[in-house]
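The structure appears below as structure tokens.
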Amino acid sequence: MRPKQTDKVLAAFGQAVKAYRVACGLTQEQLADAADLHPGYLGAVERGEKNIGLQNIIALARALAVPPSGLMAVLDVAIAPPVVPRMQQIARVTKRGN
């Protein structure tokens, strides 16, 4: 994954965590405590500065009472390539195969 793509993914995930946290009426400190994470680490995740691990995603999901897939759903949009160029790429590969 290219660095710019990684930045976009981390930012999108962080925004999702923050949106769920705010919707639950929690401060960063409260969520960090509930997920057994350091508040500074959680802040960095929300700002898209940290590449969070799977165990921490699960801890956050449990603390927010949402499935991990709820936090990850934003990534489908964040990493999706533009549809038209992707369709053109598929068409080129298909033509080569014939």
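The values are calculated or read from the model by the stated rules, or taken from the named source; none is laboratory data. All values derive from a computational prediction rather than experimental measurement. Heads up, the Cβs are rebuilt from the backbone with ideal geometry, glycines too, and the neighbour counts pull from every protein chain shown. Heads up: the accessible areas ignore ligands, DNA and RNA and are worked out on the full protein's heavy atoms, side chains in. Shrake-Rupley method; radii C 1.70, N 1.55, O 1.52, S 1.80 Å.
I need the full set of residues from the stretch 1-46 which are modelled with pLDDT of 95 or more and charged (D, E, K, R), in order please. Listed by number, the residues that qualify are 18, 21, 29, 33, 36, 46. Can residue 63 be described as more than 19 Å from residue 75 (Cβ to Cβ) and buried (at least 18 other Cβ atoms within 10 Å of the Cβ)? Yes. Residues in the stretch 34-60 that are among the basic types (Lys, Arg) and either loosely packed, with under 14 Cβ neighbours inside 10 Å or on the phi > 0 side of the Ramachandran plot (or both): 47 alone.
Do the conditions hold for residue 80, that is, is it at pLDDT below 90, open to solvent by less than 70 Å² (accessible area, probe 1.4 Å) and not aromatic (Phe, Trp, Tyr)? Yes, satisfied.
Residue count for the stretch 53-66, restricted to those that are touching a helix residue (DSSP H, G or I) at 6+ places or on another chain (Cβ under 6 Å) and farther than 14 Å from residue 21 by Cβ: 1.
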